[in-house]
1. What's the local net charge at Gly143, with K and R +1, D and E -1, over the other residues with C-beta under 12 Å away?
2. Can you tell me the Rg and Dmax of the range 73-164, counting just the alpha carbons, in angstroms?
3. What does the accessible area per residue of the chain come to in Å², with a 1.4 Å probe and no ligands, DNA or RNA counted?
4. The range 19-102: Rg/Rh from Cα coordinates, Kirkwood Rh?
5. Can you list residues from other chains, or at least 5 along the same chain, whose modelled amide H is less than 5 Å from the amide H of Ile159?
6. Rounded to the nearest 10 Å², what accessible area does Asp108 have for a 1.4 Å probe in the complete protein model?
7. If one computes P(r) from the Cα atoms of the range 1-158, what percent of pairs lie at distances over 23 Å?
8. Which angle between 0 and 90 degrees, to the nearest 10, do you get for helix 13-22 versus the longest principal axis of the chain when only C-alpha atoms count?
Amino acid sequence: MAPFRIVIVGGGIAGFTAAIALRGPNRHITILEQSTLNKEIGALISLQPNASRIVESKWNLSEELLEARQMVDEGFRIYNTEGHLVNTIPLLTKEKYGAERLLFHRRDLHETLKRAAVSPTRAGDPAIVRVSSRVVDCDALKGTVTLDSGEIVEGDFIIGADGM
């Protein structure tokens with residue numbers, strides 16, 4: 001039986017998250033990234049409790065996330081214009097939702113997800129990342145993605161995960 005071909009347009013946090021979620025037997029996942037380095041930039045990003053629960057328990061990424069230098073968001077502090085603390089709002093997410101709200105530097109989370117998506121030791125075939133693959137057209141009915149080089153990439157399932 002021919003593999004189910006999944007094409008993910010975008011090698012960012014969403015693209016690698018989709019690749020991890022869709023890994024399985026007889027699935028061929030190709031991630032098309034337009035940049036040449038496939039490196040994330042930016043600052044803080046948070047995983048809400050529903051997402052951190054999936055990433056940690058269903059995908060077994062707890063150890064990898066520790067390497068990504070995560071922080072647990074324990075709540076908010078509100079200060080007045082003179083700089084005096086006027087209120088604190090604790091986030092009791094673990095008690096209420098069974099998981100924490102986790103904070104990461106985008107680059108650290110991106111690298112962790114990329115390693116998991118392409119890892120040969122996780123269930124299913126590792127995703128293949130193609131850099132310098134800028135998509136200029138997509139035909140969902142034909143299941144094709146056209147790159148700026150003119151190459152046509154075919155898939156049974158196409159996911160747009162290219163951010164803005």
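1. -1
2. Rg, Dmax (Cα atoms, Å): 21.6, 61.
3. 61
4. 1.11
5. Counting only residues 5 or more places away or on other chains, the set is Val7, Ile8, Val9.
6. 20
7. Of all Cα-Cα distances in the range 1-158, 48 percent exceed 23 Å.
8. 70
The values are calculated or read from the model by the stated rules, or taken from the named source; none is laboratory data. Bear in mind the structure is a predicted one, so any value in this text is a computation, not a measurement. Cβ: placed from backbone, ideal geometry, glycine included. Neighbour counts: every protein chain shown. Protein only, heavy atoms only, side chains kept; ligands, DNA and RNA dropped before computing areas. Shrake-Rupley method; radii C 1.70, N 1.55, O 1.52, S 1.80 Å.
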